[in-house]
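The values are calculated or read from the model by the stated rules, or taken from the named source; none is laboratory data. Worth saying up front: this structure is predicted, and the values here are computed from it rather than measured. Every residue, glycine as well, gets a Cβ built from its backbone with ideal geometry; the counts of neighbours run over all protein chains shown. Ligands, DNA and RNA are excluded from the accessible area calculation, which covers all protein heavy atoms including side chains. Shrake-Rupley method; radii C 1.70, N 1.55, O 1.52, S 1.80 Å.
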Amino acid sequence: NAEYMGRALYKHHRHLDLSTPSTMKIRRKQKKVSVGTSSPANFGAAQLLEKAQEFVDRFEFDLAMKFFERALSQEPNNTQVLDAMGETLANLGDTDKAKELFGRSIQLDPASNSSKWMYMGQLSEGLEAVNCYKKAIEMMFTERSQAASLQKEDDVKLLNRQISTAFCAAAEIFLTDSCFESNAENECNACLEQALQNDPTNPEVYQALSSLRMSQCKNDEAAQYAVKAVEILRDCDENTTPPYASRSMLAKMLVELQRFEEAVEVIDGLVDEDDEDVEAWYLLAFSHHGLQNYLSSKDCVTRAKELLNKGLGEPAFVEPVDELLGVVTPLCPSEEEAEMADDGTYDDDEEEDAMMD
């Protein structure tokens, strides 16, 4: 079926991007401590925390966890350690343990570090998540006022983006977990208005607006917002580019809206970052198919199948990958025809006849 969309794979859901929370990293405000050549057994909690962060930065997570645990054994109520360890565990996918640590930190010191409230929002559901985001936003408003009074323009700009993103996250709750609340649509609209007001250059705002319009079956408007998100994305740098999971969701929406050129643009960036993402290769294959780039589509879906055969990706992709491969393969020229095309002996009319066959 050439129109197969694998729609079940593209259901709208709140993305949990805990792998690259670039705009929500805990600010390490503690003074740097020189660890020198001392034995770890003699380190204090601050030194152990710094050492743990060094191992996190080097992706040596097992060692990082040992230093986090040692720091907590010394100071079990140190919220900086709880937050940093919680962030690392969340990024590694241990969301239950991460939520436990953030919960302890919030009980001990609810008024410090808005990031832990953002993480709790991501790790929670429904109105509980919304309340966490609202608390984070309240704290970031205060931080922004303080930064503005000190004329720290870069901090103000960063906080504008973080606040806007937090409002987007709250809006998504009313599109998913709490969509049956009586005031869900109004709450969603209010959150997105605030998101837009705080940072009109945030591509995630337009992505969320697109998602809302899709839920309202206003696909033309949804497409306009999704394309706007892509246009803004082109001008983002490494500090303002939305997380991988957010861009992956944007790609799915573009495919569902049949904006295949924009989808290819977004997904090319995804596979550059992670060339073992089965879903991204499938979406790229489907988009090329929609653009009638059949050879490119076949190459991409073949790559997806190779990854599945290696045990990578979700089993749910096996059927749609096989189906798309079966659709696109007959549309491609044979090896002999491709060689003739390379030699210049296979003209456009012959290729068109082959496609018709």
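Of the set (1) within 26 Å of Leu196 (Cα to Cα); (2) buried (at least 20 other Cβ atoms within 10 Å of the Cβ); (3) within 19 Å of the chain's Cα centre (by Cα), all apply to Asp277 but (1). Cβ-Cβ contacts under 8 Å between residues 6 or more apart (or on different chains), taken from a first residue in the stretch 67-78 that is closer than 11 Å to Gln47 by Cα to a second residue that is among the aromatic types (Phe, Trp, Tyr) and part of a loop (DSSP other than H, G, I, E, B), are listed as Arg70/Phe43. Within the stretch 144-175, the residues that satisfy the criterion of being of a type outside the set (A, V, I, L, M) and surrounded by 18 or more Cβ atoms within 10 Å (Cβ to Cβ) are Arg144, Asn160, Arg161, Gln162, Ser164, Thr165, Phe167, Cys168, Glu172, Phe174. Restricting Leu72, Leu89, Leu9 to those that are modelled with pLDDT under 95 and either among the aliphatic types (A, V, I, L, M) or closer than 30 Å to Glu314 by Cβ (or both) reduces the list to Leu9.
Annotation: of all residues in the stretch 100-121 being closer than 21 Å to Phe167 by Cα and open to solvent by 30 Å² or more (accessible area, probe 1.4 Å), the one that is nearest to the chain's Cα centre (by Cα) is Trp117. Out of Arg234, Arg213, Arg247, one residue alone is surrounded by 17 or more Cβ atoms within 10 Å (Cβ to Cβ), more than 15 Å from the chain's Cα centre (by Cα) and charged (D, E, K, R). It is Arg213. The number of residues in the stretch 284-300 being within 13 Å of Val327 (Cβ to Cβ), of a type in the set (S, T, N, Q) and open to solvent by 40 Å² or more (accessible area, probe 1.4 Å) comes to 1.
Determine, yes or no, whether Thr95 is of a type in the set (S, T, N, Q) and open to solvent by 30 Å² or more (accessible area, probe 1.4 Å). Spelling it out, Thr95 is indeed of a type in the set (S, T, N, Q) and open to solvent by 30 Å² or more (accessible area, probe 1.4 Å). Here is the figure for the stretch 189-210: residues that are β-branched (Val, Ile, Thr) and either under 17 Å from the mean Cα position of the chain (by Cα) or assigned to a helix (DSSP H, G or I) (or both) total 1.
When each of Pro315, Pro330, Pro320 is tested for being within 14 Å of Leu295 (Cβ to Cβ) and at pLDDT 90 or above, the lone residue that passes is Pro330.
Once the stretch 177-203 is narrowed to residues that are surrounded by fewer than 19 Cβ atoms within 10 Å (Cβ to Cβ) and hydroxyl-bearing (Ser, Thr, Tyr), the residue that is nearest to Pro243 (Cα to Cα) is Thr201. Selection of the stretch 157-184 for residues being part of a helix (DSSP H, G or I), touching a residue at least 12 places away in the same chain (Cβ under 8 Å) and not aliphatic (A, V, I, L, M) yields Asn160, Arg161, Gln162, Ser164, Thr165, Phe167, Cys168, Glu172, Phe174. When the stretch 48-60 is limited to residues that are in contact (Cβ under 8 Å) with a residue 24 or more places away in the chain and either open to solvent by 60 Å² or more (accessible area, probe 1.4 Å) or among the aliphatic types (A, V, I, L, M) (or both), the one that is nearest to Arg104 (Cα to Cα) turns out to be Leu49. For the stretch 136-156, give me each residue that is part of a loop (DSSP other than H, G, I, E, B) and basic (Lys, Arg). Matches in the stretch 136-156: Lys152 only. Taking the listed residues Met65, Met24, Met118, the one that is modelled with pLDDT of 95 or more, closer than 22 Å to Asn239 by Cα and in contact with a helix residue (DSSP H, G or I) (Cβ under 9 Å, 6 or more places away or on another chain) is Met118, with no other qualifying.
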